[in-house]
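Report on the following structure.
Every number in this text was worked out from the coordinates using simple rules, so none of it is lab data. None of the values given here were measured: they were computed from a predicted structure. Positions of Cβ are generated from backbone atoms using ideal geometry, with glycine treated the same way; all protein chains shown enter the neighbour counts.
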């Protein structure tokens, strides 16, 4: 992992939205950290995480991500996620995230419209149906509870 000590495993990790979209995770791609670590988020290497075609409302957004920690029972996931400009829909997990770079407007069906940018923290509730309008490529660090 970029920015991590040489003791950290360097194997690729699964991505959080595979969990949200109900797609199976590959156990070989999930990292289970056994020690404390640090990660420089802006430079973290991410892996492609294709969106389901029905999630794309407009544009050609591309998603990348990396899970950097997952609890032994798989109910807690921490990682980095990025999306390029466009409009997409999602059904959220219980998530707290902090935007590292970029900006987006997140419309929560039956709820508020969130405008997020660098330094902003947001909380999404499990089951929230959202529409993300990504203005500038957005990178976030997240914590998801399943």
Query raised in the report: Among 124, 96, what is the fewest-to-most ranking by other Cβ atoms within 10 Å?
Result: 96, 124
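Give the order of 108, 77, 88 when sorted by the count of other beta carbons within 10 angstrom, beginning with the fewest.
Lowest to highest Cβ neighbour count: 108, 88, 77.
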Report summary line: With the 8 Å Cα cutoff and a minimum separation of six or more residues, region 59-98 has a relative contact order in percent of 42 percent
Query raised in the report: In which sequence would 135, 40 go, from the one with the fewest C-beta neighbours within 10 Å to the one with the most?
Result: 40, 135
